1. Only one of these conditions is not met by residue 266: (1) among the β-branched types (Val, Ile, Thr); (2) touching a residue at least 40 places away in the same chain (Cβ under 8 Å); (3) out of contact with any helix residue (DSSP H, G or I) (no Cβ under 6 Å at 6 or more places or on another chain). Which number is it?
2. From 123, 138, grab the single residue that is among the hydrophobic types (A, V, I, L, M, F, W, C) and outside any strand (DSSP E or B).
3. So residue 228 passes all but one of these: (1) within 23 Å of residue 115 (Cβ to Cβ); (2) not in a strand (DSSP E or B). Which condition number does it fail?
4. Find the residue count for the range 100-112, including only residues that are crowded, with 20+ Cβ neighbours inside 10 Å, of a type outside the set (D, E, K, R) and part of a strand (DSSP E or B).
5. Among the residues of the range 376-416 satisfying the criterion of being closer than 17 Å to residue 345 by Cα, hydroxyl-bearing (Ser, Thr, Tyr) and touching a residue at least 24 places away in the same chain (Cβ under 8 Å), which is surrounded by the fewest Cβ atoms within 10 Å (Cβ to Cβ)?
6. Of the residues 443, 503, only one is at pLDDT below 85 and farther than 21 Å from residue 346 by Cα; which?
7. Within the range 368-427, considering only strands (runs of 3 or more DSSP E) that don't extend past its boundaries, which have at least 1 residues that are within 24 Å of the chain's Cα centre (by Cα) and among the hydroxyl-bearing types (Ser, Thr, Tyr)?
8. Do you know which residues across the range 149-164 are within 16 Å of residue 210 (Cβ to Cβ) and either part of a loop (DSSP other than H, G, I, E, B) or small (Gly, Ala, Ser) (or both)?
Amino acid sequence: MFLKKILPLFAACFGGSAQAQQVVHANNVQLVTTPGIQVVVQGGMKFTGTTTWKDSSTTTLLPNPVAAQSDWVDSTTGVFISNYGNTIFSNGTNVQQLIGPTKFYDLRLNGIGINLHQSNEVANLLRLDTGLVYFQTASDSLFVSNPAFAAITSTSAHTKSWVNGKLRRNINVAGTGNSNEYLFPIGKMLGPDSLYAPIKIQKNNSTLNSYTAVYFPATPFDPTNILNPPVDHISQVENWEITAAITAGVDAEAKVGLSWRGFSRVSSVQLIRDSLLVVQYVLNPAGRWEKTGSFGLHQVSNPSDSLGGWVKHRDYMGGFDFAQRRFTLGTWSKYNALPLRLLYFNAIPDGNRVRLNWEIRNDQDINVYEIEKSLDGNNFTHLANVSALQRAEWTYTGYDYTPNEGWNYYRLKIKDVSGRFSYSEIRKVRFSKGLEEIRLFPNPAITVVNVQLPSSYSNKSLLQLYTADGKLLSSIKPQQTNVQVNVTGLASGNYFLKITYNNTTNSYGFIKL
């Protein structure tokens, strides 16, 4: 009873003026606010022992002006905030700190952001007005246990506030049509860019289940291992992970909607953009990327441009376990960017020069390829520019006309139309004048074998494909230096190519999977 009387006085004494943390050194204590009295604390609060904050009003936590001090600290047993209280993290220029497994009733973010040092729970409403929710470790999450659709709100439509990490939500309402979708307002900061990348989940039945979602602006796991056809390619720049407490069966089944943003670089043409798919990394039987369900159940929203929208899979799916947690944007059209895919980049000696070849898909948003050279593999200088032709698929060629004797290192600096850039892998060549090299890849092969010939071989050589027992399968006279041999119809096994030039024949073996 004494604490109930003293706390309003505590608020009046320290509200908006305290210059250090307020400390409660007590075990099994209950702090009770009086309805209608707003508690304003500047400098944060620290709890020890087992504490229950029975909040019937609003508590506003202002930033701690003391350096290296946290705004809310509790013991490992945590603080439980019950009843009908609303706790507001409100700050000006610095991210506030929240240390300890606090369970809030209502939590409102109205500032720059908060940094969670452990997983925390919101039992009623999470109000994301301004500022991001950050996490000290990647394994921590913010859990909204209230299964209501409106348990997460935002006065800024989440344009200024979302979860920069793992968000977990309870779901127990079955979906019908396009209604009853639970929004997961998640995203990531990538340098100066704020990438809001929400998803939507729609449950199959009313059995309570919790789903955890997190976004990564990075190349998906195993990105070239896809079921093709029907999937032509998947995104090379982003992916989501979605897991559930109940991982399989009808109680886990849900529909998934993925968003895209300018960063995703989907096609600006609506007809091409309609080829978007929700793809999942599934065990079927081994892991690979596949579209979820049938084509007709993938619905794409079509705004006036490609800078934002949704693709939703309108059938229920399971497999929200650790092994099958990965999702990303895919497409059945080779013309849908998602964005540039660098299929290969090679460098080979070619007489008195080094020839560089690279094959791409979807470079509609690429401006230029800058070839860079190094003699030690670390310090690179600009060598030449090759303008992007902005094609759905193309093979480019560049040259180093003055290579150095010995080892030369090359890489591509790939610049898009907005000025962003990325680098290819480094390729090294041991060069001596007059040296010519033939290269076959990939080996083993599944669909095609790429053959790179010296320039002098064009129109002057013969390429023959043989089985391991010496049976001739095909024969061509290459008219270019980059040749693709289609091996899709071949049985699995060993094969070899015979290449004849200037009355000299050499054999190159490869494996067809």
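The values are calculated or read from the model by the stated rules, or taken from the named source; none is laboratory data. All of these numbers come straight from a predicted model, not from anything done at the bench. No Cβ is skipped: glycine too gets one built from the backbone with ideal geometry, and neighbour counts run over all protein chains shown.
1. (3)
2. Working: 123 fails: outside any strand (DSSP E or B).
Going through 123, 138 in turn, the sole match is 138.
3. The one condition residue 228 does not meet is (1).
4. 5
5. That would be 397.
6. 503
7. Values: elements: 381-387, 393-400, 406-416, 421-423.
Passing ranges, in order: 421-423.
8. The first filter runs over the range 149-164 and keeps only residues within 16 Å of residue 210 (Cβ to Cβ), leaving 149, 151-152, 163.
Of everything in the range 149-164, just one residue is within 16 Å of residue 210 (Cβ to Cβ) and either part of a loop (DSSP other than H, G, I, E, B) or small (Gly, Ala, Ser) (or both), namely 151.
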